[in-house]
Each structure stands twice: as C-alpha cells, then as structure tokens.
Amino acid sequence: MSTETTTITILVDNRGAPGLVTEHGLSLHIRTAGHNLLFDTGQSDACTINSRILGLDLGEIDAIVLSHGHYDHTGGLAGVFGLARRAELYCHPAAVSPRYAVRDHQPKPLHMPRPSMAALDRLPEERLHWVQQSMQLAATIGLSGPIPRQTACEDTGGPFFLDTGGQRPDPIDDDLALWIDTPTGLVVCVGCAHAGLVNTLVQVQRLTGGRPIRAVIGGFHLLSANERRLRATIDALRTLAPEAIIPCHCTGEAAVAALSAAFGNRCHPGHAGLRCQYDAG
C-alpha cells in the first residue's frame, strides 16, 4: 500500500470551477506513489486546457488508463499524447469497437473519435497494453479488468448497441476501474460504471482480498436509474462505508441529490478543478 499522499484532480467534468472548460465527459489526474496517471481524457481538448490552468504538466504522465471506449472518455487522447510523449496506454480491446446509442430508431455514434483512434494506431506496440484481466500497474495501483455482472438491478445504463439498427446490445465489456491502495483502504476511480457501481466495488474488493473502500470517485451512470437500483446502490454504499463518495459526470442530478441526502458530508459532488487528497495515514 502507498505510504505517500495520493492526489486526484478532476480535469474534465460536466461541471467546473470558474475559468475551467466544462463538457460532458470525464478525466482524472492521479498522482500517487511516484506515479502520474491520467484516467480518461474527456471528449475534447478540455483536458489539456484545464491541466495548464491547474498547473498540472501532462508531460509527466507515465500511464493513461481508459475506463471504456466512449467518445466522452477518449476524445482528448490525441491532444494528451502530444504532451505525454512517454505515456503508456491501458485499455480493453473492445474500447476501439464501433458502438451507438439508439433511441427511436435514431443511432448516435458513441465510439472513440477518429483522431483518438489515429493516435492509438501511431503508438509504439510496447506502449500499448490491452487489459483483458485484472492487473497491477504498480504495487499499490490496480486495474479491475472486465467486471462480472452479478447484481439483478444493475445494467449498462442506456440503449447501447453495437450496430446502428439497435439489434445487437452492447454489454460494454471494456468497462474497467482503477484503484489505489492506501493504508486505510482503497480509492476507487470509475469512468461511467457501466458494469454497475456495486458490481465494480465488489470486484475490486474481491481482487484485493476484501480491502475496505476508502473513497469512490467518477461517473456512476445513475442518470436513468429506477428507484430500485438507486436504493440498492445506496444500501451497498452504506455497507461498504467509504469516507468519501464523489459522484461526477453521468451520475445524474436526482441520484446526486439522493446520495447527498443519504451520506451527508461524506458525499462531495465532483467538478472540474476539485482536488482530493488521501494521506498515507
């Protein structure tokens, strides 16, 4: 476990501090145990712009992790690689698949944008890592790999398909989480939690021998969650008892309000510019 302070800065979110670029997307800058990581890249150049404003040098990034392949998490990849010239990339192979949201027979592309795909194609083979199972990036930093879908009430959170006709449901198998192990528990980062937030946290605990969850940050994709799913999520979080719950991006206003009501000052709605520090002790 890390004996250094872990600092997570939200670079991109739907909301932001004054002076920062906001967009529908997510990017987290993580500094821990001598490593500088980027978890997702937002959907545009907001990631690189906000990093400059916040005084974070993306040239120091040594690893980029993509939680999944949707455009609002991968669209800033080309710009980031222009600065992070030694960074290695970690993602599931399905992150590059064509995929769509189909509503009323109208498909909307959700896949990785072409400039990001081109940047990935230019990446030297030794810097590209396909994540098909759980793995450690360092002694105190891990990736969940594909997350088993076990709960009855959790789904991917939308009308997601692998074809424009809406005939082949997209299970979003590329969805993964990152965790940092600290002396008092795990700090878990999620992109959209398309596998389900409860499924995700159960998987991370299983992989770490039941380590307690200290904090969870990112998009929880409860935007369209029904009352049953929202209640089950809150009940699971009560059992896990994290000291900090930081909902961002796709969590949804109603779900954020419910989480705030349930957890009080332990729930801190995220926004671009928010810095979260987790001391070693």
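Here, each number is a calculation from the coordinates, and none is a lab measurement. In this text, all values refer to a predicted model and were calculated from it rather than measured experimentally. As a convention, Cβ positions derive from the backbone with ideal geometry for all residues, glycine included, and neighbour counts pool all protein chains shown.
Scanning the stretch 100-112 for residues that are more than 18 Å from the chain's Cα centre (by Cα) and in contact (Cβ under 8 Å) with a residue 12 or more places away in the chain yields Tyr100, Ala101, Val102, Arg103, His105, Pro107, Pro109.
Scanning the stretch 206-233 for residues that are without any contact (Cβ under 8 Å) to a residue 24 or more places away in the chain and either closer than 26 Å to Gln277 by Cβ or among the aliphatic types (A, V, I, L, M) (or both) yields Gly209, Gly210.
Checking every residue in the stretch 190-204 against the condition of being without any contact (Cβ under 8 Å) to a residue 40 or more places away in the chain, surrounded by fewer than 21 Cβ atoms within 10 Å (Cβ to Cβ), of a type outside the set (Phe, Trp, Tyr) and farther than 18 Å from Thr32 by Cα gives zero matches.
Pairing residues of the stretch 164-188 that are surrounded by fewer than 24 Cβ atoms within 10 Å (Cβ to Cβ) with residues that are assigned to a loop (DSSP other than H, G, I, E, B) and among the β-branched types (Val, Ile, Thr), at Cβ distances under 6 Å and at least 6 apart in sequence or on separate chains, gives Asp181/Thr140.
If we keep just the residues of the stretch 226-281 that are part of a helix (DSSP H, G or I) and charged (D, E, K, R), which is farthest from Thr156 (Cα to Cα)? The extreme case among them is Arg266.
Okay, residues lined up against (1) in a loop (DSSP other than H, G, I, E, B); (2) within 19 Å of Asp174 (Cβ to Cβ); (3) over 17 Å from the mean Cα position of the chain (by Cα):
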residue: Leu56; (1), (2), (3): yes, no, yes
residue: Gly59; (1), (2), (3): no, no, yes
residue: Val80; (1), (2), (3): no, yes, no
residue: Tyr90; (1), (2), (3): no, yes, no
residue: His129; (1), (2), (3): no, yes, yes
